[in-house]
1. Determine if region 388-396 includes at least one residue that is within 15 Å of the ligand (Cβ to nearest atom), outside any helix (DSSP H, G or I) and in contact with a Leu (Cβ under 8 Å, 6 or more places away or on another chain).
2. Restricting to region 146-179, give me the number of residues that are at pLDDT below 95 and within 30 Å of residue 392 (Cβ to Cβ).
3. Kindly indicate the residue of region 356-377 that is assigned to a helix (DSSP H, G or I) and of a type in the set (Ser, Thr, Tyr) and also modelled with the lowest pLDDT among those meeting that condition.
4. Which one of these does residue 164 not meet: (1) polar (S, T, N, Q); (2) more than 11 Å from the ligand (Cβ to nearest atom); (3) under 30 Å from residue 390 (Cβ atoms)?
5. For residue 84, work out the one condition from (1) touching a residue at least 12 places away in the same chain (Cβ under 8 Å); (2) out of contact with any Ser or Thr (no Cβ under 6 Å at 6 or more places or on another chain) it doesn't fulfil.
6. Could you say whether any residue in region 224-241 is in contact with a strand residue (DSSP E or B) (Cβ under 9 Å, 6 or more places away or on another chain), farther than 30 Å from residue 380 by Cβ and among the hydrophobic types (A, V, I, L, M, F, W, C)?
7. Out of all the residues in region 185-206, which are surrounded by fewer than 21 Cβ atoms within 10 Å (Cβ to Cβ) and touching a residue at least 24 places away in the same chain (Cβ under 8 Å)?
8. If residue 295 satisfies all but one of (1) closer than 23 Å to residue 74 by Cα; (2) among the aliphatic types (A, V, I, L, M); (3) in contact (Cβ under 8 Å) with a residue 12 or more places away in the chain, what's the number of the condition it fails?
Amino acid sequence: MTAATTIATGSPPDLDAFREQARAWLREHAPAPSPVTDIEAARAFQAALYDAGFAGITWPQDVGGRGLSTAYQQAFSDEEAEYELPTYPFTIGMGMCGPTVNDLGTPEQRTRYLPRLLRGEDIWCQLFSEPGAGSDVASLQTRAVLDGDSWVVDGQKVWTTNAQWADFGALLARTDPDRPKHSGLTMFVVDMHAPGVTVRPLKDMSGRAPFNEIYFDSVRIPADAVIGEVNGGWHAAVTMLGHERVSIGSRRRPKTNPLDFTAIAALAQRLGVSGEPATRERLAELYARERVLELFNVRLRQEAAAGIAPGARGSVAKLAGSMLARLAVDTVGEIAGPEIVAWDPEDTTGAAVALGINSTPSSSIAGGTNEIQRGIIGERVLGLPKEPSVDKGVPFRELKVGTQK
Ligand SMILES: Cc1cc2nc3c(=O)[nH]c(=O)nc-3n(C[C@H](O)[C@H](O)[C@H](O)COP(=O)(O)OP(=O)(O)OC[C@H]3O[C@@H](n4cnc5c(N)ncnc54)[C@H](O)[C@@H]3O)c2cc1C
């Protein structure tokens, strides 16, 4: 089965038949888990996924998607949760950059970038955070100055996930320092292989280097690489952050992941504690929260398909996801007891659990911290009073931000 044959059929396929096709395809093609560093294998798998018609299930057909409803995406997600697919390098592109280009890009940008993304030909990263601008990303100092028919970019980004593999980045830069900080920003597509771009890996406490610091030294970006409007970058950033929160919040761990409910319940059984009331209570809470979040995400996806933007409720999904990850880690700790720090070196589950424990704290920071999500939910979902803003209307140039001149 190829995308060409499945897409050409016109009317949507029967949902049960689609699920059966997905199940059969994954059974035959899902590779054994491999290190995420095998980037060529990841690209090849993404291409195969596309050819089979399972990439961009809800994306528009004019950019290579299948234009199907979220019910089909849900069916595929249910089936893929049985496996650990090597799609991680494409998460930023598929979950954040692609949907933003689809929403705000020109017709030319949509057809240039989106089909390649779906086919695994390009990997994308998100270039927002800087050493002095994370939660308050509008304080960023990377500059883009128009010079003839191109922009010249200078500055530094940090914590950029997957930039070590990226072909393109969605860059937020300051294009007018005389405007207030939110209204002098522009979003660009930057070629990560362009002269003047330097990518340096950063290690986290798990020992891996999942993110990077990036230096831009007089990097030239063509004028047609602006996403949305010049000085309209804040709108583009908010659009992407909305997609990011839904994407992170709805990311499902494969059932083979040691921090998934199924794996934790199996661990409790293996250690002979699954019958203990305290363990049962913990497992029940974990299951209930995992299920509630799953259903909340189904609702967000259905609404998105009906044209209702998730808005601030994406923050609910993101916050709930990071709290769930923390609960999973705590539950594993309580079940495993002292073994949590002294696994048998031969036991691969132990190594995977240790990696999960060391990686979990980042989930309450990446994509906006828990405090920031709570602030958004308070103001925009619950209607509580707004956080005071001391720099509203003040030109960025007059603010005392970092070392800016
Ligand atoms: C694993 C990981 C991957 C990441 N990937 C990317 C990426 O691909 N691209 C990218 O651009 N960035 C990325 N980031 C950066 C991430 O977006 C920022 O780390 C995050 O927004 C927080 O910014 P900061 O680190 O500068 O902390 P700060 O903003 O300095 O915050 C420090 C502390 O102050 C609190 N705080 C700040 N402001 C408020 C407020 N108004 N109200 C209440 N509390 C507040 C925060 O909650 C936090 O506890 C990644 C981060 C991690 C951990």
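The values are calculated or read from the model by the stated rules, or taken from the named source; none is laboratory data. Bear in mind that the values here come from a model prediction, so they are computed numbers and not experimental data. Using ideal geometry, Cβ is built from the backbone for each residue, glycine included, and neighbour counts are taken over all protein chains shown.
1. Of the residues in region 388-396, the ones within 15 Å of the ligand (Cβ to nearest atom) are 388-392.
This time we only want the ones that are outside any helix (DSSP H, G or I), so: 388-392.
Next cut, in contact with a Leu (Cβ under 8 Å, 6 or more places away or on another chain) only: 391.
Yes, there is a match, as at least one residue in region 388-396 is within 15 Å of the ligand (Cβ to nearest atom), outside any helix (DSSP H, G or I) and in contact with a Leu (Cβ under 8 Å, 6 or more places away or on another chain).
2. 0
3. Among them, the one singled out is 359.
4. Residue 164 satisfies all of (1) polar (S, T, N, Q); (2) more than 11 Å from the ligand (Cβ to nearest atom); (3) under 30 Å from residue 390 (Cβ atoms) except (3).
5. Looking at each condition in turn, residue 84 falls short on (2).
6. yes
7. Passing the criteria: 191, 193, 194, 195, 196, 199, 201, 202, 204, 205, 206.
8. (3)
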